[in-house]
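The values are calculated or read from the model by the stated rules, or taken from the named source; none is laboratory data. Since we're looking at a predicted model, the values are computed, not measured. Glycine gets a Cβ as well: all are built from the backbone with ideal geometry, and neighbour counts include every protein chain shown.
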Number of protein chains: 2
Amino acid sequence: MAGRPRKPAARRDLQQAALRLVRRHGYAGVTISDIARAAGVSRQTLYARWDSKAELVLHAIFEIASQPDPDLSGPEPRRVLLENFLRAIFADLSADGDTLRGLIATTLTEPGFLPVFRARFSAPREAIMLALLHDARARGELPATADPELLSDFIHGAFWYRLLNGQPLPPDLAQRIAGAVFATPAPDQSAG
Amino acid sequence: MAGRPRKPAARRDLQQAALRLVRRHGYAGVTISDIARAAGVSRQTLYARWDSKAELVLHAIFEIASQPDPDLSGPEPRRVLLENFLRAIFADLSADGDTLRGLIATTLTEPGFLPVFRARFSAPREAIMLALLHDARARGELPATADPELLSDFIHGAFWYRLLNGQPLPPDLAQRIAGAVFATPAPDQSAG
């Protein structure tokens, strides 16, 4: 912990500098030295907290750019919660899709990064999705035979697949995914 | 085309040498020089045909290790065709999963390779899956409201997601995916 700044806010400042740079120049176009320079700290200050650029950016995405969990305490149909949650994620990915692609590339080229990425990125997102889908099944919005683990793989898989194949994630994709998972026609927007 | 061997079989020999090496040593552990040496040709012979190791290995996977398309001319339920097709793909990926991860990494780190990979890998597989799903819908095995394009993304996405997250692709996953897509209980194995 040598070199750790005394103010807790500094951690967030460093992460924000990192996110700002990768959003502007692309994940591959930014080095840890660039981030240190932009944040006005030494590379050692960054390496005291994070093992690599990938880990710093991963933590920045997790702590700054993550969506709040869907609120499962209220009465809203889980299909609507899913659609809104996906819509927010896809909006984030229009800013951070290149960064996510860069992080996934790092899991593939530096195998030691995969467990870090799982722990900080995919596993928490799977847990959120599973909670929503199990809750929907318990409320009868999904049939008793529904397989939440597989549906979660379908949902995350669909947008990873599109992201990695260079295809867009338009807002109506959120509605199509929620509609297919809940296998009911789209709600009538004119009804109130 | 300088240096192109006269016998058409040689192309396949070169591809088989490439596949054999990446299966044994891992995609990242094999260079184009290794492949040339194993095949008993010069690097120039390989570069006359393929732009890179990634392209050579991609073509090898496509031409040697691809599954035959599901047979849509027969009466077999499309759910069964889907399950058997996925089972065969997952068996292939137990041999070539590391290679596919290496090729996907290359699409992320060398953007010029993504269109090549789409044209030779993902797009043809999407076309096969879409043909099966459209046929299933036309035969009434999927509801008229089914969205084949999205279901195809669900199916490919689910196993890409698992593969990229270092998770297994067990044979029963094929049955679970086919069951969820067709949303019917698993067939009774004891019935004849």
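Quick test for you: out of A:Pro77, A:Pro171, pick the one residue that is in contact with an Asp or Glu (Cβ under 7 Å, 6 or more places away or on another chain), of a type outside the set (Phe, Trp, Tyr), farther than 20 Å from A:Glu63 by Cβ and more than 12 Å from chain B (Cβ to nearest Cβ).
Values: A:Pro171 fails: in contact with an Asp or Glu (Cβ under 7 Å, 6 or more places away or on another chain).
Matching residue, one of A:Pro77, A:Pro171: A:Pro77.
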Would you confirm, using the coordinates I've provided, whether A:Phe85 is buried (at least 19 other Cβ atoms within 10 Å of the Cβ) and within 14 Å of chain B (Cβ to nearest Cβ)? no
Scan region A:60-82 for residues that are of a type in the set (A, V, I, L, M, F, W, C), farther than 23 Å from A:Val181 by Cβ and surrounded by fewer than 22 Cβ atoms within 10 Å (Cβ to Cβ) and jot them down. A:Ile61, A:Phe62, A:Ile64, A:Ala65
Give region B:58-76 a look and list any residue that's touching a Phe, Trp or Tyr at 6+ places or on another chain (Cβ under 7 Å) and in a helix (DSSP H, G or I), or say none. B:Leu58, B:His59, B:Phe62
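Within the group A:Leu108, A:Leu163, A:Leu114, A:Leu100, which residue is among the aliphatic types (A, V, I, L, M), surrounded by fewer than 19 Cβ atoms within 10 Å (Cβ to Cβ) and closer than 30 Å to B:Val30 by Cβ? Quick ask: steps written out before the conclusion?
Numbers: A:Leu108 fails: surrounded by fewer than 19 Cβ atoms within 10 Å (Cβ to Cβ); A:Leu163 fails: surrounded by fewer than 19 Cβ atoms within 10 Å (Cβ to Cβ); A:Leu100 fails: surrounded by fewer than 19 Cβ atoms within 10 Å (Cβ to Cβ).
Testing whether each residue is among the aliphatic types (A, V, I, L, M), surrounded by fewer than 19 Cβ atoms within 10 Å (Cβ to Cβ) and closer than 30 Å to B:Val30 by Cβ leaves just A:Leu114.
What number of residues within region A:144-166 are assigned to a loop (DSSP other than H, G, I, E, B) and within 7 Å of chain B (Cβ to nearest Cβ)? If you could, list the steps in order and put the result at the bottom.
Of region A:144-166, the ones assigned to a loop (DSSP other than H, G, I, E, B) are A:144-147, A:165-166.
Then keep just the ones that are within 7 Å of chain B (Cβ to nearest Cβ); that gives A:145, A:147, A:165-166.
Of the residues in region A:144-166, 4 are assigned to a loop (DSSP other than H, G, I, E, B) and within 7 Å of chain B (Cβ to nearest Cβ).
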Please go through region A:45-57 and give me each residue that is modelled with pLDDT of 95 or more and either surrounded by fewer than 14 Cβ atoms within 10 Å (Cβ to Cβ) or touching a Phe, Trp or Tyr at 6+ places or on another chain (Cβ under 6 Å) (or both), ordered by number. A:Ala54, A:Leu56
Residues of region A:126-143 satisfying the condition of being assigned to a helix (DSSP H, G or I) and within 11 Å of another protein chain (Cβ to nearest Cβ): A:Glu126
I'm told A:Thr99 meets every condition in (1) hydroxyl-bearing (Ser, Thr, Tyr); (2) away from chain B (no Cβ under 11 Å); (3) within 13 Å of A:Leu82 (Cβ to Cβ) except one. Can you identify the failing condition by its number? (3)
For region A:13-27, enumerate the residues that are of a type outside the set (A, V, I, L, M, F, W, C) and within 14 Å of A:Ala95 (Cα to Cα). A:Gln16, A:Arg20, A:Arg23, A:Arg24, A:His25, A:Gly26, A:Tyr27
So A:Ile89 clears everything in (1) within 14 Å of the chain's Cα centre (by Cα); (2) of a type outside the set (Gly, Ala, Ser); (3) more than 30 Å from A:Thr31 (Cβ to Cβ) except one condition, right? Which one? (3)
Out of the residues in region A:77-118 meeting the condition of being without any contact (Cβ under 8 Å) to a residue 12 or more places away in the chain and assigned to a loop (DSSP other than H, G, I, E, B), tell me which one is farthest from A:Leu163 (Cα to Cα). A:Gly112
Please go through region B:27-44 and pick out each residue that is surrounded by 15 or more Cβ atoms within 10 Å (Cβ to Cβ) and either free of Cβ contacts under 8 Å to residues at least 12 places away in the same chain or assigned by TED's automatic domain parsing to the domain that holds B:Phe113 (or both). B:Ala36
Suppose we filter B:Ala131, B:Ala95 for residues that are at pLDDT below 95 and over 24 Å from A:Gln175 (Cβ atoms); which single one remains? B:Ala95
